[in-house]
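Sharing a structure below in structure tokens format, with a few things to ask.
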Amino acid sequence: MNIVMCTDAYWPRVNGVTVSVESFSRALIRAGHKVVVICSFYPDSQAIQRMSNPVMDKRDTDTDPVVLRVPSYPLPISKEDRVAKFHKWFWVSKQLDVFKPDIIHVNSEFVIGEFGFYYGKINSIPIVYTFHTLWEDYAVNYIPHVPEFLLRFFARRIIKNMASRSDTVIAPSRQIQDVLVKYKIKKPVYLLPTGIDPAMFANSPESVREFRAGMDAKYPVLAGKRILLFAGRIGKEKNISFLFRALPDVFREFPDTVLLIVGNGPDLSIFEDEAAAAGLSDRCVFSGYLDRKDLSLAYAMSSIFVFPSVTETQGLVTIEAMLSGIPVVAIGAMGTLTVMGGDNGGFMVSHDEHEFSSRVRDLLRDPDLYAAKAADAREHSKSWTIDTMAGKLQAIYTETISAHRVRG
């Protein structure tokens, strides 16, 4: 079938939506389908820095989706994000007329998402909508100085509106599914987490050693140390400050450990200052953004993945770490709760600094426990592979198309 993925966020913007759209697109292409991704233009995504017309990304492999990038403006409330120019809708619609989509999958709530809804309505094409982001919780981090109750009210209205215009709604976690029940969504709702492509995390020992040597040279603090890794957007919603309170006990007991924080975001300088104020300048490295391949190597060279976020829709980074064979210590909340399902592949703890620290130290202290959890991590991650999840998504598409035809 011909599938259109609509998303306001896509590479080089790093977040769970980007990973989900790319992972599903590649898996669907491998299964014999055709996929077009419509997304916003980011200045770093093309050689052209200023752009007035939509462009298409170069396809490097047969499993790359066709990517149509729509000219965009920077988003005032988040310098990482972009808002597509609405008047470019006509160009996008002409490209889709040629593609002749069988189904449209909307993955965001902004202009590109609206493109998908408009095109679907005009051409009577069924629409699947994935509710990726719990905006009730996230909005307060993006829009300060506005009463929280108002932000939550508008967030609920937006999601209800998107769901009501869809033929089918996908919830990537049980927590999101529960929210949709609370919102009294009438459309069919399916629980479907995003899977991860294991091939992305299959690195040779030589490539890991080479990458580690390069990182040690760039960041001498890392040299000879066991790495505790955090990877994700560097924003307040990720609860990174928790690590600065939980890990000093680890550093005192194990002087050969260091915290590596991979990612970029609007609050990077804030957390750099916090780490310095906590006396962790010689125990904490901020690497900034790493591309997907380098990120997979960062996982592979690390000893433990430490994840304090309590707002994750899915918590996919925990599965990425497990695929790389490293145990995870994470706070059991939201999507992380769904993905780990308990102490699978590591330890799922409460929002308690002492408990978090204790579990990290248990893994560092006991080689047998560490080996058992590392093996468990690899085994648990197998049930979250992208091809398994893409097969389920294909079935959702087929059912949605059939139901749409029956309704006429």
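Since every read-out is calculated from the coordinates, none of them should be taken as a lab result. What you are looking at is a predicted structure, and each value in this text was computed from that prediction instead of being measured. As a convention, Cβ positions derive from the backbone with ideal geometry for all residues, glycine included, and neighbour counts pool all protein chains shown.
When a footprinting reagent is the concern and you count Cβ atoms within 10 Å, what order do Val306, Val14, Val106 take, fewest first?
By the 10 Å Cβ count, ascending, the order reads Val14, Val106, Val306.
Skipping prolines and chain starts, which residues have an amide H placed within reach, meaning under 5 Å, of the one on Arg226, given they are 5 or more residues away or on another chain?
HN-HN under 5 Å from Arg226: Thr257, Val258.
How do Leu290, Leu68 rank when sorted from fewest to most other Cβ atoms within 10 Å of their own Cβ?
With the fewest neighbours first, Leu290, Leu68 line up as Leu290, Leu68.
Mind jotting down the three principal axis lengths of region 110-187 based on Cα atoms? Whole angstrom, largest first.
41, 26, 17
Give or take rounding to whole Å, what are the principal axis extents of the alpha carbon atoms in the chain, in descending order?
Principal-axis extents of the chain (Cα, largest first): 66, 47, 44 Å.
Still on this structure, please answer the following. Quick query: amide H of Val37 versus all other amide H atoms, modeled in the peptide plane; which residues come in under 5 Å with a sequence gap of 5 or more or a different chain?
Answer set, sorted by chain and number: Met5, Val66, Val67, Leu68.
Output the relative contact order of the chain, whole-number percent, from Cα pairs under 8 angstrom with separation of 6+ residues.
14 percent
Rounded if a/c is under 1.5, else prolate if a/b beats b/c, else oblate: with a ≥ b ≥ c from the C-alpha gyration tensor eigenvalues square-rooted, which is region 198-383?
Since a/c stays below 1.5, the shape of region 198-383 is classed as rounded.
Using the Karplus curve 6.51 cos²θ - 1.76 cosθ + 1.60 with θ = phi - 60°, what ³J(HN,Hα) values do you get for each residue of region 120-133, in whole Hz, with x for Gly and Pro?
x, 5, 5, 9, 6, 10, x, 10, 9, 10, 9, 8, 7, 10
Give me the distance between the Cα centres of region 345-368 and region 260-281, rounded to whole Å.
After rounding, the separation between the Cα centres reads 22 Å.
Can you give me the long-range amide H partners of Ile103? Hydrogens built in the peptide plane at 1.01 Å from N, cutoff under 5 Å, separation of 5 or more residues or another chain.
The list, which skips near neighbours in sequence, is Asn2, Val4.
Calculate how large, on average over all directions, the projected area of the Cα convex hull of region 39-153 is; give the answer in nm² to one decimal.
8.8 nm²
Identify the residues of region 218-233 with backbone N under 15 Å of a label point that sits 7 angstrom from the Cα of Glu272 along the Cα-to-Cβ direction, or state none.
219
What FRET efficiency do you get for Arg209 and Trp91 if R0 is 56 Å and r is their Cβ-Cβ distance, rounded to the nearest 0.05?
So, using R0 = 56 Å, E works out to roughly 0.75.
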